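Worksheet: one structure, shown below.
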């Protein structure tokens, strides 16, 4: 019956008085303003329709008389209607225009450029309920305690709550007290820092082609602390944008300026540093506009904004504020602030007055055609710079925070609202301009914005929202309400939406008791599948962290822009190349594959099962639900889990090997913990290889080949024109090619994941028992661990194995050449303890894996 | 599904309604868009059902392969004239480089008389099946921005890739496989990184799925160690039942949608390995492509591409790394390095065309081959001095790409460059034109296909209308 609704809505629209902001402005924006808007360069026929003067002076609109208004004649023209390209105006839209013109054609200012109005009511709930009542609706019932406990914890700290606080609340404790505990938790900062880091386009690498490592994690730590300490948002702003320009900034304050040092540095060979410095500045302007004011200033780097009040020149005037920092797209990422012997971070540093740059407009945004010089300034359509504000980033920060700024407070409030409700009051968080979506509850937005602007207190704002009845509603929805309001714009029910990538992971680890409480510090590398990092040039390896660093909160995971952590990418986490204002939630099979099969999740399942069986041996299913969903299973749920457990146990009884793997999943997973050196290289005590430098007979790499006539010697092989102390040559080699063979004895249970740590500046090929196992033409520094290919892995066998290597020099060596091979592998799992394999216990791992994949688990409701 | 996607899809539907006169009936089909990858009606009748885009990252030297310049051979070793250097930006060339004629022999081939060098004996035999464009011209001369420009329409990050646009506009035929698959070879990801197959502002369901040719073809495809297929099925059955119980109270349609994805994932666990398993192919096929089982190779990937489009995958993107023949060492020069590399590629890519043709798939599969720019007619002098090895620097002003199948003309030689191969003299074509043409052959209007974001109707071809569907290249 959707079409009935559609027709009904149309008739309804016809009957209403057109509201300029709601009905006319968006339609003009979509269908007219690209050619008849603020942008002079693209203006056609000298007509602008975005202002009353523009529209009326050419009689395009005659207020009060639509029949004589040329605008209407043009859009209804029989053969050549306006617009000439793109979708035509619909009957409804023409009707609205007609009514609006007849009603006087009043142009009102875009809502977001008007100051927030304090509503008469100062309670979120009263305002929401009033609207619901006008639609013959009311609040849904309040969600029950376990639901609220979980929802609030995941929303405020991103992990399940501490058991003491949870128990107190579930037993009947005060909800507000529970919220206070969450707000005071050190995990609060970690959750909200991640939200901010999306905006900051944070990553641990430089970006672009080489994407080399970058040390900027102290900035991330600063953000976490700022949220935990409830740093007021105005200070939060000023320090990040301009700490270096404030009076007497501390080291800690300076770290904050890393916000805008998250821009990328291009170290690709042959790139123009100044070109990419310029891009970084443009990014800073665009990002600042989006994050603080929800404006799409980035559009104006090439031309005057088509819809919103920012001219091409004004973009570069704002650019002028950001154009005086010392960073210059240098590979070293200078200026770098050294904090300790091992920690450093990137900062903003203003150039001295006599070294400051001229700022020019780039014609059509083209770096190669700089035009008119401009001075730093703010756009004319907005409030002016506060009196006494310096003409630099600090002054600009003050401008963003000025009480006359109609946007900053609204945009922040809206973002916090969005993270708690799944969608902002203004859904287009990235665009509060004229093309954005107007607020569903403008009065709530304004109320919260006005109050937020008084003290910029973030925790206070969050608490106010979370203790409201609106927030606490159950998210259960009837089919009628769903049809009436599919996206819950009316807020007649609580919010229900899929968790963020980081929370999906952190929740799994936390419920298993695996999540480390350790905070701060350099980024870590939890388990990741092999071969995800196929890096160009710099040969960086993903080296799995040890111990508890494997189980840190997701926001500490090393973020490489060109190759982000896959399981988080699958759940819509951004890459950090550009500012991400909001994540668009999707639903894909890759997410299912991740939470079902990602070994990191499976490890959590194994440990979760262990925990549940230990803590509740008579009813582990109940404990699984309590740990993950903070509620016991219903009777039907318990029965269904019991059935799964029985079926799985039944299957596993005939699979002792799988039982072993499931029960020791962690051990199976971390093959790197079982790495042993099979052939040591020159860094320790190298073994002798059989070698020759003259071309051997065919089949020299085969096991049967007789190498008794060859020489024997250990690495390092090669020669240096000047003696090299750190690399002592044990076996001289100064010809074009070198051939090596080694006989390796292996036991019956073969190791896996064979790798060869090799130091080389030549190309080489490796055979295992005559099978081509590794080919390399790249030069990397130090002993790089090359992976043996799939065929080579399979070629190893118990008993004698022949490793054969052919090394070939590149071109003419001027300094010398060096080669040194080794071999490592993961030793097989120690045999299980004797006794009957515990199929029952193993089956709980499968049940835990299932519980971690429930829709309710990956959702907060 | 988020509001944006709903609105955008609704806009597309409304476009059909008003334009196609189908009327209200189509509204009933609206709810089918709950699966964003379900096949969608194209804007007009398509010529191609699938695309295989072979990107040779680093950029192959057109002067060694396709663009025969005997005059340049005559000028070999002479200093480059000033007017070709003034005001130009180079990646590495400094001062006055010398001209570099190709050391390779060129001959004309086929009925079309296409000039192809001796380095591509296999390709020479199929010139009558392809359209060769020697007049490509771009404005980017660094790898990452140039690759981003070709594949996302913008040299900067933040824009959706061609494959994402294709699946956004058309969905995909086989719901049990990803609609947009990416295969890489050459040892590295391309310089532009994963953004080259990203979805940016489009919903992430449209992003390319990087299928690896060893290990799990798709990450996390295999059940974890210790979990059999039978046990996995039982867990999915339990999930289905438990979710249904929740859904009864909660009423959220997302629950059912999510369960659908779990079932799809389960099917993909069978269908993807099946498709990605080349071992079942006969020996003759392996020989033709020059596959290397157990390794990652362009030959393997070309064969996989045929299997993928055979099984209804909409867009296959192949990136082969290692064509950046600057000539700084034996590893990147136009003799020692180029020869083995082109040998493999020549065989693999020709085998793909022949295989598609023989299976009757070529007409409905658009195959594209090329790099992100060309290489200079001058010999690169890194840091101002000539090294021991021979190579060329990055050159945006003229390069060669070829296309086959999917409605492309057969045996066409399009466009010309000047006598030394520096500038295009006739029929210039830009990456934007390439994007427009590809979308067009798929049945999409490149000027209409859009997604509203940040107040702009974003399009693959960018905000201006300069992109042309190259009608002269089409049957």
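Each value in this text was obtained by applying a stated rule to the coordinates, not by laboratory testing. Note that the structure is a prediction, hence the values are computed from the model and not measured. When we count neighbours, we look across all protein chains shown, and the Cβ atoms used for this are built from the backbone with ideal geometry, even at glycine.
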Next on the checklist: What distance in nm separates the two pseudo spin-label positions at residue A:797 and residue A:533, each 7 Å out from Cα along the beta-carbon direction?
Outcome noted: 3.6
Checklist entry - Quick one: what does P(r) look like for the stretch B:136-207 with 5 Å bins over all Cα pairs, in whole %? => result 3, 18, 25, 21, 18, 11, 3, 1
Checklist outcome for this item: For the stretch A:400-490, the Cα gyration tensor yields equivalent-ellipsoid semi-axes (√(5λ), largest first, whole Å) of 25, 17, 9
Item to check | Computed log₁₀ I(q)/I(0) - Debye formula, equal Cα scatterers, no solvent, the stretch A:184-253, q 0.12, 0.13, 0.15 Å⁻¹ | outcome: -0.37, -0.43, -0.56
Next on the checklist: Can you give me the distance in nm between label points at residue B:279 and residue A:141, each placed 7 Å from the Cα along the Cα-to-Cβ direction?
Outcome noted: 5.7
Next on the checklist: Quick check: Cα centre of the stretch B:346-382 to Cα centre of the stretch A:356-381, how many Å?
Outcome noted: 43
Checklist outcome for this item: Check: C-alpha center the stretch B:437-475 vs C-alpha center the stretch A:226-263, spacing in Å is 43
Item to check | Cα radius of gyration and Dmax for chain A (Å) | outcome: 32.5, 106
Checklist entry - Given the rule -39500 (n - 2.57) for each run of at least 4 DSSP H residues, summed and divided by the residues of chain A, what is its mean residue ellipticity at 222 nm, to the nearest 500 deg cm²/dmol? => result -11000 deg cm²/dmol
Checklist entry - Which Rg and Dmax, in Å, describe the Cα atoms of chain B? => result 23.6, 82
Item to check | Within chain B, helix-based [θ] at 222 nm, where runs of 4 or more DSSP H residues each add -39,500 (n - 2.57), nearest 500 | outcome: -10000 deg cm²/dmol
Item to check | Length-normalised contact order for chain A - Cα pairs under 8 Å, 6+ apart - percent | outcome: 12
Item to check | Shielding of A:201-210 by partner chains, average beta-carbon count, 10 Å | outcome: 3
Checklist entry - Helix A:175-184: angle to the longest alpha-carbon principal axis of chain A, degrees 0 to 90, nearest 10? => result 60
Next on the checklist: Debye calculation, C-alpha points only, no solvent: report log10 I(q)/I(0) for the stretch A:627-780 at q = 0.14, 0.16 Å⁻¹, in the same order as the q values.
Outcome noted: -0.85, -1.05
Checklist outcome for this item: Counting all Cα-Cα pairs in the stretch A:753-858, those more than 21 Å apart amount in percent to 56
Checklist entry - Using the 10 angstrom Cβ neighbour count as an exposure proxy, how do A:307, A:362, A:219 rank, fewest first? => result A:362, A:219, A:307
Next on the checklist: Rounded to the nearest angstrom and ordered from largest down, what semi-axes does the equivalent ellipsoid of the stretch A:526-614 get from its C-alpha gyration tensor (root of 5λ)?
Outcome noted: 24, 19, 12
Checklist entry - Roughly how many nanometres apart are two label points built 7 Å out from the Cα toward the Cβ at residue A:313 and residue A:455? => result 4.4
Checklist entry - Tell me, how many Å apart are the Cα centres for the stretch A:654-701 and for the stretch A:429-455? => result 61
Checklist entry - Using the Cα gyration tensor of the stretch A:439-512, with a ≥ b ≥ c the square roots of its eigenvalues, what is the shape: rounded (a/c below 1.5), prolate (a/b larger than b/c) or oblate (neither)? => result oblate
Checklist entry - Over the Cα atoms of the stretch B:377-475, what is the Rg over Rh ratio if Rh follows Kirkwood? => result 1.10
Checklist entry - What is the stretch B:206-269's relative contact order, in percent, from Cα pairs under 8 angstrom and six or more apart in sequence? => result 25
Next on the checklist: Using Stokes-Einstein with the Kirkwood hydrodynamic radius over Cα pairs, what translational diffusion coefficient do you get for the stretch A:58-147 at 25 °C and a viscosity of 0.890 mPa s, in µm²/s rounded to a whole number?
Outcome noted: 141
Next on the checklist: Tell me the Kirkwood radius of the stretch A:87-202: reciprocal of the mean inverse pair distance over distinct alpha-carbon atoms, in Å.
Outcome noted: 19.2
Next on the checklist: Over 5 Å intervals from 0, what percent of Cα-Cα pairs in the stretch B:303-462 sits in each interval?
Outcome noted: 2, 7, 13, 16, 17, 16, 13, 9, 5, 2, 0
Checklist entry - With the contact rule set at Cα under 8 Å and sequence spacing of 6 or more, what percent relative contact order holds for the stretch A:253-313? => result 18
Item to check | Residue-averaged beta-carbon neighbours from other chains (10 angstrom radius) around A:653-659 | outcome: 2
Item to check | Cubic angstrom per residue, convex hull over Cα atoms of the stretch A:142-230 | outcome: 113
Next on the checklist: How big is the stretch B:71-183 along each principal axis, measuring the range of its Cα positions in Å and listing the largest first?
Outcome noted: 58, 40, 20
Item to check | Exposure proxy order (Cβ contacts within 10 Å, fewest to most) of A:36, A:330, B:325 | outcome: A:330, A:36, B:325
Checklist outcome for this item: Ranked from fewest to most other Cβ atoms within 10 Å of their own Cβ, B:211, A:32 fall in the order A:32, B:211
Next on the checklist: Need one number: the % of Cα-Cα pairs in the stretch B:222-364 sitting beyond the 27 Å mark.
Outcome noted: 47
